[in-house]
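**Q** Please read through the structure below; I'll follow up with questions.
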């Protein structure tokens, strides 16, 4: 695992031209410049330089075994900050102290600096009134008329959070949504605001991750950016800057969060400049269609969705133009952007009046996309739901579960996919590659290294997502379910998918649970337990192993509110009183069955409230039963204080899945999460780690 990640890091550093000799002469003044503004960083600059230089030399010598955690931290958090910095924008100006020597010309070449800064006024962050997060992504001005109305470009996956429909007809805001773009929110002045109302949705492109919005109230000084139409193949190796709003989504892994904090100087959610290089164009799976995209190696984070990727001019006489619309990133490999060259070949985009540098021959490649959504059938956003309805607590009444003629249909409340090595999308009909390797952990702090193999089918899009449930027959679920995977005692994607399915099964009736578990899925025994408002089932399988799956509830929000977030303090620390009491309702019958089965291993799982109960069970049964794994899906937080320390015992056994922007995972207030986080993208199923 460590070696794999360091190999990716080695390729990444070779790509950006990292050289120990360069570090030895340049890193010290760079660190001294940025340290004075980094109030949270108390380090010895001389020591940082020595560790970073030594670490890079070891990596180049293939002495990976000698690179400990401190040296790896230096490589990612210090060296990458030097070669691919994330630069503050303050009062409309570039903060030049944060530029390494490779990028110093962005601050010393006054004409170039002025050209870059002239774009800042046209780039903002998109906000909505019904979101629990400060903003949804980035957008930038690409057109303007004589009535102070402008056209904004952003990602489709950003716009879908507040809109309905696909194409350029019958597009509407979701009920109650008020959407705006704020062109300020800069470093050291994030309280400043310059919001303009987004009054209309002009286009949700059917095959590109691109949307166009209409904004009101533009002043004379705010001009649209020009979209470049040069063939991306002719621009390889050209320098670019990505301008947008990288946002923080804290990692469960503290070391990864520390790396991200150092690279971003603990500053998030404000306008930043991120320089890099254009890399090899490639094919990308986008909305059920393969499309060409450009790649770049700027340092980005979630929130950069919709950022402008700007091609830096080669001479003082050239202007600065947008070369791509950033939409996704893959950690340690590459970032992806919609090519403005390709957008210029779609007549419907051109007809909106947005500002391309010149005309290019139009293409018929998109005709089938448009015909499929502009036909008489209703348009449908197949990949998102309104933010205020995302990941609502699971409702048994809303499920369709029928048992007749040997078939059944039911809804799974989340989608699962894999991104290990060369990423592959896992769908209901695809086979799952066998592996027991733990996926690489990390943030999206920098996605570098040009792709050298086939393009990924599923990439973590950098935004906030909803999800649509999918329906599967019992035959399909049985095909996906793998009983042997439950016996694997380390993280495994087969295990995760199988437990997602068993967590869903827990919502069914006693008869259905016990019948399907034993007759269809091969469990040796299965006992459904229901006491008061708590339900679960316990099933035995291969090699005297046991699974305990807890059911969630269809009224989790009211249930939490009514309990007033009261805590209780058993021997292992403060936990939510409601979760604790609910588990204790079924504790006695569960332990009676466990005593009868005398298991050699116990696996715990649950969705929503069920995940919280599985967590309490793990705490109660530490050193009492041989717990080999805890997998939870969309669970609320359970404990705080000493409980977090206590639960470190399960640090390599607890895996917590969050789908999209599931509101359930953000409650109760003041309680904190534990376990290794896997954040799932609802559209393509890609994970964020």
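The values are calculated or read from the model by the stated rules, or taken from the named source; none is laboratory data. Model, not experiment: these values are computed from the prediction. Counting neighbours? That spans all protein chains shown, and the Cβs are built from the backbone with ideal geometry, glycine included.
**Q** Taking the stretch 105-163 as the region of interest, how many residues are closer than 24 Å to residue 313 by Cβ and in a helix (DSSP H, G or I)?
**A** 15
**Q** For the stretch 179-193, give me each residue that is more than 13 Å from residue 92 (Cα to Cα) and surrounded by 14 or more Cβ atoms within 10 Å (Cβ to Cβ).
**A** Once the filter is applied, which keeps residues that are more than 13 Å from residue 92 (Cα to Cα) and surrounded by 14 or more Cβ atoms within 10 Å (Cβ to Cβ), the stretch 179-193 yields 179, 180, 181, 182.
**Q** When you look at residue 318, is it farther than 25 Å from residue 163 by Cβ, more than 29 Å from the chain's Cα centre (by Cα) and at pLDDT below 95, yes or no? Don't jump to the end; show me each part of the working.
**A** Details: farther than 25 Å from residue 163 by Cβ: yes; more than 29 Å from the chain's Cα centre (by Cα): yes; at pLDDT below 95: yes.
Yes: the conditions hold for residue 318.
**Q** Do we find a residue being under 30 Å from residue 290 (Cβ atoms), modelled with pLDDT of 95 or more, in the same structural domain as residue 127 (by TED's automatic domain parsing) and in contact with a strand residue (DSSP E or B) (Cβ under 8 Å, 6 or more places away or on another chain) anywhere in the stretch 178-200? Spell out how you get there, then give the answer.
**A** Our first condition is that a residue be under 30 Å from residue 290 (Cβ atoms); within the stretch 178-200, this holds for none.
No, the stretch 178-200 contains no residue that is under 30 Å from residue 290 (Cβ atoms), modelled with pLDDT of 95 or more, in the same structural domain as residue 127 (by TED's automatic domain parsing) and in contact with a strand residue (DSSP E or B) (Cβ under 8 Å, 6 or more places away or on another chain).
**Q** Taking the options 165, 107, 137, name whichever one is over 29 Å from the mean Cα position of the chain (by Cα) and not assigned by TED's automatic domain parsing to the domain that holds residue 663. Spell out how you get there, then give the answer.
**A** Numbers: 165 fails: over 29 Å from the mean Cα position of the chain (by Cα); 137 fails: over 29 Å from the mean Cα position of the chain (by Cα).
Result: 107 is the single residue among 165, 107, 137 that is over 29 Å from the mean Cα position of the chain (by Cα) and not assigned by TED's automatic domain parsing to the domain that holds residue 663.
**Q** So, restricting to helices (runs of 4 or more DSSP H) that lie completely within the stretch 444-535, which ones have at least 3 residues that are modelled with pLDDT under 85? Please lay out each step first, then the result.
**A** Working: elements: 474-480, 493-505, 510-515.
Where helices (runs of 4 or more DSSP H) fall fully within the stretch 444-535 and carry at least 3 residues being modelled with pLDDT under 85, they are 474-480.
**Q** Out of all the residues in the stretch 302-315, which are touching a strand residue (DSSP E or B) at 6+ places or on another chain (Cβ under 8 Å) and at pLDDT below 90?
**A** Pass one, the stretch 302-315, residues touching a strand residue (DSSP E or B) at 6+ places or on another chain (Cβ under 8 Å): 302-312.
Matches in the stretch 302-315: 302, 303.
**Q** I need the full set of residues from the stretch 25-62 which are modelled with pLDDT under 85 and within 17 Å of residue 87 (Cβ to Cβ), in order please.
**A** If the condition is that a residue be modelled with pLDDT under 85 and within 17 Å of residue 87 (Cβ to Cβ), then 32, 33, 34, 35, 36, 37, 38, 41 are the ones that fit.
**Q** Also, I was wondering about something else. For the stretch 79-90, state whether one or more residues are more than 30 Å from residue 663 (Cβ to Cβ) and surrounded by fewer than 17 Cβ atoms within 10 Å (Cβ to Cβ).
**A** Just the residues of the stretch 79-90 that are more than 30 Å from residue 663 (Cβ to Cβ), to begin with: 79-85, 87-90.
Restricting the remaining residues to those that are surrounded by fewer than 17 Cβ atoms within 10 Å (Cβ to Cβ) gives 90.
Among the residues of the stretch 79-90, at least one is more than 30 Å from residue 663 (Cβ to Cβ) and surrounded by fewer than 17 Cβ atoms within 10 Å (Cβ to Cβ), which makes the answer yes.
**Q** OK, next. At pLDDT 90 or above, within 27 Å of residue 10 (Cα to Cα) and surrounded by fewer than 16 Cβ atoms within 10 Å (Cβ to Cβ), is that true of residue 105? Explain how you work it out, then say what you get.
**A** Values: at pLDDT 90 or above: yes; within 27 Å of residue 10 (Cα to Cα): yes; surrounded by fewer than 16 Cβ atoms within 10 Å (Cβ to Cβ): yes.
The answer is yes for residue 105.
**Q** Now for a different question. If I ask for residues that are touching a helix residue (DSSP H, G or I) at 6+ places or on another chain (Cβ under 8 Å) and surrounded by 22 or more Cβ atoms within 10 Å (Cβ to Cβ), which ones from the stretch 286-307 would you list? Spell out how you get there, then give the answer.
**A** Pass one, the stretch 286-307, residues touching a helix residue (DSSP H, G or I) at 6+ places or on another chain (Cβ under 8 Å): 287, 289, 291-292, 294, 297, 299, 301, 305-306.
Listed by number, the residues that qualify are 294, 297, 299, 301, 305, 306.
**Q** If you don't mind, there's one more thing I want to ask. Is the stretch 614-628 home to any residue that is modelled with pLDDT of 95 or more, out of contact with any helix residue (DSSP H, G or I) (no Cβ under 8 Å at 6 or more places or on another chain) and within 20 Å of residue 497 (Cα to Cα)?
**A** Yes, there is a match, as at least one residue in the stretch 614-628 is modelled with pLDDT of 95 or more, out of contact with any helix residue (DSSP H, G or I) (no Cβ under 8 Å at 6 or more places or on another chain) and within 20 Å of residue 497 (Cα to Cα).
**Q** Could you tell me whether residue 220 is free of Cβ contacts under 8 Å to residues at least 60 places away in the same chain and part of a helix (DSSP H, G or I)? Give the steps one after another, and end with the answer.
**A** Details: free of Cβ contacts under 8 Å to residues at least 60 places away in the same chain: yes; part of a helix (DSSP H, G or I): no.
So residue 220 does not fit the description; no.
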